[in-house]
1. Treating cross-link reach as a plain straight distance, find the lysines whose alpha-carbon is under 30 Å from the alpha-carbon of LYS337, omitting any fewer than eight places away in the same chain.
2. Decide, for the range 931-1004, between rounded, prolate and oblate: order the square roots of the alpha carbon gyration tensor eigenvalues as a ≥ b ≥ c, take rounded if a/c falls under 1.5, and otherwise choose prolate if a/b is larger than b/c, else oblate.
3. Calculate how many DSSP beta bridges within the range 128-280 are antiparallel, expressed in % of all such bridges and rounded to the nearest 5.
4. Just check the range 585-671 against the gyration tensor rule for me: Cα atoms, a ≥ b ≥ c as the square roots of the eigenvalues, rounded for a/c under 1.5, and otherwise prolate or oblate depending on whether a/b exceeds b/c.
5. Antiparallel DSSP bridges in the range 216-338: what percent, to the nearest 5?
6. Which of the GluC sites (Glu not before Pro) found in the range 658-706 are in a DSSP loop and have at most 14 neighbouring Cβ atoms, other than their own, within 10 Å?
7. Quick one: accessible area per residue over the range 111-182, 1.4 Å probe, rounded to a whole number of Å²?
8. The range 554-647: which trypsin sites (Lys or Arg not before Pro) are DSSP loop and have at most 15 other beta-carbon atoms within 10 angstrom?
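The values are calculated or read from the model by the stated rules, or taken from the named source; none is laboratory data. As the structure is a prediction and not an experimental result, all values here were calculated from the model. Methodologically, a virtual Cβ is constructed for each residue, glycine included, from the backbone with ideal geometry; neighbour enumeration extends over all protein chains shown. Just the protein is used for accessible areas: all its heavy atoms, side chains included, with ligands, DNA and RNA removed. Shrake-Rupley method; radii C 1.70, N 1.55, O 1.52, S 1.80 Å.
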Amino acid sequence: MLGLFWFWFGSVLSVSGFDVLSCRNSSVTLNVVLLEDENSPWSLKFVKDAVEMAVEEENEKNQAESLDFQIKVHFSGFNTTHYRRRGCGSSTCEAVEILKSLHNSSELGCMMLGPSCTYATFQLVDQEVGLTLTIPIISAGSFGLSCDYKDKLTRLLPPARKISEFFVHFWNVSFTNLKPIWKTAYIYKKLDNTEECFWYINALEAPSALFASSISREMLRSQGDLEDKLKAQDRHSNIFVLCGTPDDVLAIKKNTTIPPHVVFILIDLYNDGYHTNESSFEHMRDVLVVTMHSFRNYSRNTSWKTNTTALNDYVVAYHDAVVLFGDMMRQNLKAIKQHPFSGIIEQPFRNMSFEGMGGHYELDASGDRDLNLSVVYTTGSYKYKTLFTFSTSLNITWINHTDPDLVWDGSRLPTDKRAHSKLATFNIIMIVLGISVVMATAIAFILYRQNRRVRFDQKKWSHINPSLIMLLDDKERNHISLTIDEEKKGDNSVLIHKGRYDKKVSCVFFSQLLRIDYYNLTKFYGTAKFDCGVFGVFEFCERGSLRYVLNDKISYPDESFMDLEFKISVMYDIAKGMSYLHSSNVGVHGRLKSTNCVVDNRMVVKITDFGCNTILTPGKDLWTAPEHMRVQGISQKGDVYSFAIISQEIILRKSPFHTCCCSDTAEKLYRVQYPRGPNVFRPDLSFESVGETEAELFVLIKSCWEEDPEKRPDFKRIEGALGKIFSNLHNQANASYMDNLIRRLQMYSRNLEHLVEERTALYKAERDRADQLNFMLLPGPVVRSLKETGRVEPELYDEVTIYFSDIVCFTTLCHHSTPMEVVDMLNDIYKNFDSILDHHDVYKVETIGDAYMVASGLPRRNGNRHAVDICLMALDILEFMGTYQLRHLPGIPLWIRIGIHSGPCAAGVVGNKMPRYCLFGDTVNTASRMESTGLPLRIHVSESTIKILQRTDCQFECEHRGETYLKGKGKEMTYWLTGVTGQKYNLPIPPTAENFQRLQQDLAERIVSTLDKGGNERRKTLSTRQRRTQRHSSDGQPEYLHLNDPTTYL
């Protein structure tokens, strides 16, 4: 099949869409592929005459309209008489073989009619398991749900999906005094159903389909079962659904008395006798017939060319398929003549209507036929009359007449549940009350007699003396172990602790007492009473959960440790534990997942967390079976589904329920609970490039997550299958246990050196990242001293140079900016400052608000270079500020003041938490005074720094400022640094004293004007409340004069 797929892929998928011009020039236009036998109503021998007649009529129409197009048809039939199971049941590969031979003979054509068998059609249209066929297929049949929503398939008879939707709607609709709402049904599935009946009943049976998920239905698979349910007084429903003819109803009623409240729903779509022949039968009185509405344009008594072939809905549908194809080709060929185009069209048979011998056809967006269904009943005079009509396109039901002559009480349809008389109800109530009183008395007496014995048994086996439990000194807290100590006993969050009892490590947690002792289940030891409550004592497995082991690919590598043999043994351990659990009194786990499968120090997998169903409500997670997502509960088959999900985790060693097409957990749960179409959503498990053993293992896993719980194997069968796979692995039937152990030890030793190297590399990478972070926070020598000795000795430096700068009118800018805008502004400025510092031998000490402090000459002494590097850095910073623009206040000037001073200084690390490298001394204060007494866009330098610069080879350009008063120092001679001789700096022009004073006075007004021009609306700035007050003031003063301390801006 795979080879045929690629063969087909290369030959058929060369064109996307339907090519009208290529079809016109094709040697064969239509290929008719149908079953050829004596019984099927769509047999090729019946259909051939109808198709040939339709082709002849269409070619005459083309000739009359002068179109250069003639339909050329080729017939191919397949016979299944040589199979044991004849008919459609053995047609799976027949159509594929015919298409292969047609392709080899270049007679594939551009469209195909048939097959009518669902099994054959599915192999042609399914994108995953079948051929990716690009030519359209028109089928009268192919009813199954597996053929729904296929791009290239058009169905001219109502598919099973439409019938299922009718039943769901009809069950949930009610009509006053005529029909109540129904919630239950019996579905009778005969062994010898026709093709259409097989798929219509299958749509009502499939657990994942719409009907079964919304209606409580029970399946009846033999006439004996049906007769038993009709006789039962406590039957599930009064509604019995079957597919067939009135003869099938007669066969059921022959030997059975039908209760008066039973309704039979007979599906008989392709029998037009309910409309053409009004007379009915007595046995049809309590039967509602679902059939197609009367719209046919032919009579079944009409012969077709010869007297041996009678018309039916299948034959007429294939005749009308030729009409549909011919009409589509004519319309497009005319359109090409009028307005030439490529001739390639997408989805030619969607959302359209046409007339044919079968009546009026409406095709929906999926290419399936929409029509009206009639619900027919038999009157008291034994006449057929239509009671309801249902539209599949509108999904509505309406009444044909409101006063029907029905056989049931009140001439109305009965309820789906059996009604009891008042007397019978009263008798039942009295019997139940009497039994309840007797049982309550008996139970009370038994409990009274056994009360002392129960308490004695509880004391005997339930409680362990707390003094026998030695608490482990383990500080690690995780989901499987916590330490108990005196300080934490009152902590209500401590639900799981680790302790030692009888020299065995155990987990102490709340759980139900279980008398189970098995190798693959955690051992229960009893209970222990502490101050904070009574705890259950269970065995603790040191290696943690299976989920943790699977995630740790370094300690447990695939190549040398967790190979296929080990993975199978892990699955085998789980299967053995669950097999024992299901056969015990516990019966079911209900919460099986990879996190409660634990691994001990001998790598044995054990199951824990069982027996909690009485105190914990089962939730919905990735391991929950789909039937329990829809209806909350637990079952043994649900545990088998959970085992399959765990097995996929073990095989792939990826996250639970791993699939490439979906990563969202909520979406996965939804798609499992509500499947789309016949293909259910499951984790990825590809059979490509896997060995025979892995393929056998994958088949077992997929059988365990079947949608139908009854198709899943039990754990006894799973245990046997895994044991067989394990014995065949590496031909271990002839290998001893010691040989296997030595081989595994050799693999482990070869991987040990690689494991050590990998762990060492990880450690070094982590150490380098930590060092890099430390060097960003503290100077390199300080970090090395802290790492080597744990402390840093403070030092006195004879001569260093310190740089201070701040932003002029920073408080005013903050006043009219939001907090985030202030942060962004400082971040932009200081990141650029930091990049400038990288080009000089300087150390950034700290930033406080808008103040920026840098030093050179410490902690590494650099002679006289400290003054040179600080001054060069200051010139680079001032040059950058000449080009910087505020993002949130464009056009507003941003000026800084810079002060530089040189002198002695002490430095050291202060504090243990968040340590800081701090500078102390008069030099720091003087540098700060140099900055505060400077002017915008100026570098204010002290005389001590100028003298150091004069001792170097660098020729700096300075302007003499004169004596400047410095607080705490008196008058000092200071200078303006303007550049370096021989180097050109694009420094901004400093403002004059007049401009600086005007900026201080009008900055706030300019900012407000800039914000108004930008269309700024209500912004949560640092002074929103203050400006709201100013908006109502009437003194007319500038905004900044309303501040509490205007001198802050000067």
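1. Of all the lysines, those that pass the test against LYS337 - Cα under 30 Å, at least 8 places apart if same chain - are LYS61, LYS72, LYS152.
2. Values: a/c = 3.24, a/b = 1.33, b/c = 2.44.
Taking the square roots of the gyration eigenvalues as a ≥ b ≥ c, the range 931-1004 is oblate.
3. Taking every DSSP beta bridge with both residues in the range 128-280, the antiparallel ones total about 5 percent.
4. Taking the square roots of the gyration eigenvalues as a ≥ b ≥ c, the range 585-671 is oblate.
5. 20 percent
6. Qualifying residues, ordered by number: GLU688.
7. Details: 1700 Å² over 72 residues.
Here the per-residue accessible area is 24 Å².
8. Hits after loop and neighbour filter: ARG602, LYS620.
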